[in-house]
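Visitor: For reference, the structure I am asking about is given below.
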Amino acid sequence: MATTNPTTRSLIRSLRIAAFTGAGILAMASSAAQATDGYFLNGHGAKAKGMGGAAIAFPQDAMANINNPASISGIEGRVDFGVEIFIPDRGAEITGNGAGLDGSYDGNGSNPFVLPEFGYVRPIGENLTFGLSINGNGGMNTDYERANPFAAFGATGDAGVDLKQVFITPTLAYEFTEGHSVGVSAIGLVQGFRASGIQPFAAASADPANFTNRDTDWSFGAGLRIGYYGELSENFAIGAFYQSTIWATEFDKYAGLFADQGGFDVPTAYGAGIAVTPVEGLTFAADVKRIEYSGVNSVGNPLGVLFTGVPFGADDGPGFGWEDVTVFKLGASYDVSESLTLRTGYGRSDNPVPRSETFLNILAPGVVQDHFTVGATWRSESGFELTAYAMRAPRNEVLGLNSIPMNYGGGEANIYLAETAFGLEFGLEL
């Protein structure tokens with residue numbers, strides 16, 4: 001009878017354990033909200049989130065493969081499960097509109113949101129490490145429950161959108177020489193989308209029957225993430241990653257809303273980071289990341305495309321007008337004792353929404369730029385860890401400039417967003 005070698009058996013066990021646990025996470029990850037780096041969360045893993053998201057060169061838990069697939073080579077076997085309570089405050093104000101849209105509008109009809117994540121890492125050979133993460137993304141969500149901003153046009157019901165995303169990421173990292181590793185992740189995507197209360201704009205769609213109020217539609221996709229992690233000395237590490245576009249199937253029920261007949265891929269992203277430990281127990285980490293929102297037509301194309309004769313849903317049709325963003329993250333971690341670690345961090349992101357594109361982004365005001373974080377980990381002698389963190393992104397407002405086309409009465413749409421989040425993570429060394 002054929003037998004499998006120890007490395008293969010270890011990988012099979014790892015996949016079974018991770019898949020079983022991850023199935024529960026996938027079932028939970030059903031809610032979404034506005035997020036911090038455009039429509040992405042400020043970080044992955046509770047320890048990284050406590051440091052402003054800085055993690056590309058500073059792996060700390062089993063979610064490290066999301067930040068840099070190569071970095072899990074620096075982690076012993078462990079499993080982590082975290083939950084975040086996410087509370088956005090979003091809304092809009094319309095002024096000077098000749099069609100009767102003027103007013104202040106509260107988009108907080110749906111709050112708060114629960115965002116789970118799961119990570120599993122295990123060495124499966126002398127130089128090979130396997131990891132699996134399953135995480136829910138912030139996505140986009142607005143719910144104008146109290147008053148529909150487009151009611152004067154004849155819109156009915158609550159206006160808003162809800163984008164929810166779950167990423168399933170198996171990873172292999174290989175340490176090719178001491179302290180230096182490369183890694184690769186296959187990224188699976190499950191995403192759902194729903195839009196409601198925007199009926200009047202369907203008249204400008206190539207497929208008005210599939211524009212709004214079609215309940216939640218589902219899409220599936222896949223992409224690739226590669227990375228490098230290097231410990232140049234005991235006190236200095238570097239890292240880098242590149243994530244391809246995650247190509248997704250179309251949202252058929254919203255083929256008349258999103259460009260390219262319902263296309264909604266996840267944009268390309270890449271970044272690099274450093275981690276410095278000047279004295280034992282104190283580490284500073286810094287990351288820089290680029291997210292190319294403009295490469296996804298349904299996100300990056302401007303609304304003005306509509307007035308060149310290209311309707312919603314058409315090839316290269318109108319989108320939200322988001323621009324590419326650069327994100328900076330800084331964090332510090334200090335071991336007070338063997339059982340207690342304290343963290344703090346700060347992140348700064350470009351605003352993806354130009355002042356000329358605020359009208360459609362009443363539905364997706366992803367405009368926060370600064371976020372501040374604190375966190376802590378308590379660990380027991382048995383290897384159990386409890387990590388907590390908090391994040392605050394102060395309110396940022398984008399004032400429209402020639403933002404509402406004259407076809408819709410002109411005037412300006414001003415949008416705003418602020419965020420608060422709290423999270424817990426339970427970790428266990430294997």
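Visitor: If ILE87 satisfies every condition in (1) open to solvent by 10 Å² or more (accessible area, probe 1.4 Å); (2) of a type in the set (A, V, I, L, M); (3) farther than 22 Å from VAL166 by Cα but one, which is the exception?
Guide: Checking ILE87 against (1) open to solvent by 10 Å² or more (accessible area, probe 1.4 Å); (2) of a type in the set (A, V, I, L, M); (3) farther than 22 Å from VAL166 by Cα, the one that fails is (3).
Visitor: Out of the range 173-220, which residues are of a type in the set (Val, Ile, Thr), crowded, with 19+ Cβ neighbours inside 10 Å and outside any strand (DSSP E or B)?
Guide: Of everything in the range 173-220, those that are of a type in the set (Val, Ile, Thr), crowded, with 19+ Cβ neighbours inside 10 Å and outside any strand (DSSP E or B) turn out to be ILE198, THR212.
Visitor: Somewhere in the range 380-394, is a residue within 17 Å of VAL325 (Cα to Cα), in contact (Cβ under 8 Å) with a residue 40 or more places away in the chain and in a loop (DSSP other than H, G, I, E, B)?
Guide: Scanning the range 380-394 turns up no residue that is within 17 Å of VAL325 (Cα to Cα), in contact (Cβ under 8 Å) with a residue 40 or more places away in the chain and in a loop (DSSP other than H, G, I, E, B).
Visitor: Answer yes or no: is there a residue in the range 335-344 that is without any contact (Cβ under 8 Å) to a residue 12 or more places away in the chain, exposed (fewer than 14 other Cβ atoms within 10 Å of the Cβ) and of a type in the set (S, T, N, Q).
Guide: Yes, some residue in the range 335-344 is without any contact (Cβ under 8 Å) to a residue 12 or more places away in the chain, exposed (fewer than 14 other Cβ atoms within 10 Å of the Cβ) and of a type in the set (S, T, N, Q).
Visitor: Out of the residues in the range 374-401 meeting the condition of being buried (at least 21 other Cβ atoms within 10 Å of the Cβ) and within 17 Å of the chain's Cα centre (by Cα), tell me which one is farthest from GLY52 (Cα to Cα).
Guide: ALA393
Visitor: Suppose we filter ILE25, ILE12 for residues that are hydrophobic (A, V, I, L, M, F, W, C), touching a strand residue (DSSP E or B) at 6+ places or on another chain (Cβ under 7 Å) and modelled with pLDDT under 90; which single one remains? Even if it seems obvious, please write down each step before you answer.
Guide: Working: ILE12 fails: touching a strand residue (DSSP E or B) at 6+ places or on another chain (Cβ under 7 Å).
None of the others qualify; the one that does is ILE25.
Visitor: Across the range 253-284, what is the total count of residues that are in a loop (DSSP other than H, G, I, E, B) and more than 19 Å from GLY53 (Cβ to Cβ)? Break it down into steps so the answer makes sense when it comes.
Guide: Of the range 253-284, the ones in a loop (DSSP other than H, G, I, E, B) are 255-258, 263-265, 267-268, 280-281.
Among the residues that remain, those that are also more than 19 Å from GLY53 (Cβ to Cβ) are: 255-258, 263-265, 280-281.
Of the residues in that region, 9 qualify.
Here's the yes/no breakdown for (1) open to solvent by 70 Å² or more (accessible area, probe 1.4 Å); (2) part of a helix (DSSP H, G or I):
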position: PHE307; (1), (2): yes, yes
position: GLY319; (1), (2): no, no
position: LYS329; (1), (2): no, no
position: SER356; (1), (2): no, yes
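Visitor: Moving on. Please go through the range 378-419 and pick out each residue that is touching a Leu at 6+ places or on another chain (Cβ under 7 Å) and modelled with pLDDT under 95.
Guide: GLY383
Visitor: Here's a follow-up. Kindly establish whether ASP143 is open to solvent by 50 Å² or more (accessible area, probe 1.4 Å), within 27 Å of THR358 (Cα to Cα) and at pLDDT 95 or above.
Guide: no
Visitor: Here is a follow-up. If a residue must be crowded, with 22+ Cβ neighbours inside 10 Å and at pLDDT 95 or above, how many such residues does the range 94-116 contain?
Guide: 4
Visitor: Additional query: Quick one: is GLU425 assigned to a strand (DSSP E or B), modelled with pLDDT of 95 or more and open to solvent by 20 Å² or more (accessible area, probe 1.4 Å)?
Guide: In short, no.
The values are calculated or read from the model by the stated rules, or taken from the named source; none is laboratory data. The structure displayed is predicted, hence computed values, not measured ones. Ideal geometry is used to build each Cβ from the backbone, glycine not excepted, and the neighbour counts take in all protein chains shown. Just so you know, the surface numbers come from the protein's heavy atoms only, side chains and all, with ligands and any DNA or RNA stripped out. Shrake-Rupley method; radii C 1.70, N 1.55, O 1.52, S 1.80 Å.
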